[in-house]
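Bear in mind that the values in this text are calculations on the coordinates, not laboratory data. Quantities reported herein were computed from a predicted structural model and do not represent experimental measurements. When we count neighbours, we look across all protein chains shown, and the Cβ atoms used for this are built from the backbone with ideal geometry, even at glycine.
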Amino acid sequence: MPNSYYVYILASKRNGTLYIGVTNDLARRLGEHRDGLLPGFTKKYRVATLVYYETFDDINAAIHREAQMKKYKREWKLSVIQKDNEEWSDLAHSL
């Protein structure tokens with residue numbers, strides 16, 4: 001069974017602080033963010049609502065996409081979230 005990798009965007013609230021990350025276990029990583037187990041940016045700014053994610057079969061493709069997305073302007077990030085998640089719903093239930 002092939003592994004899946006995820007590039008994800010977390011938000012503090014609608015149009016709030018954003019965080020982009022990559023992982024091979026989105027449910028676990030989201031739990032780590034929410035439980036404050038990962039020191040740093042997401043814990044400091046309480047960024048823990050999953051508002052967007054993409055799935056990849058190849059880790060290198062996922063890492064490349066994460067780096068690419070981090071370079072995009074905030075307006076692009078907001079629009080990509082809004083396009084697929086107009087209500088900024090927490091997508092954790094879909095995992």
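Tell me, what does the Kirkwood hydrodynamic radius of the chain come to in angstroms if you use every pair of distinct C-alpha atoms?
Final number for the Kirkwood radius of the chain is 13.4 Å.
Assuming 0.36 nm per residue, please report the length gained on full extension of the stretch Ala61 to Ser89 beyond their Cα-Cα distance.
7.5 nm
Within the set of other residues whose C-beta is less than 12 Å from the C-beta of Thr42, count the net charge using Lys and Arg as +1 and Asp and Glu as -1.
+3
Work out the length of the dipole vector of the chain about its Cα centre, built from +1 on the beta-carbon of each Lys and Arg and -1 on the beta-carbon of each Asp and Glu, and round it to the nearest 20 debye.
With only Lys, Arg, Asp and Glu charged at Cβ, the dipole is about 560 debye.
Hey, got a sec? Which trypsin sites (Lys or Arg not before Pro) in region 1-88 land in a DSSP loop and have at most 15 other Cβ atoms within 10 Å?
Filter output for region 1-88: Lys13, Arg14, Arg46, Lys73.
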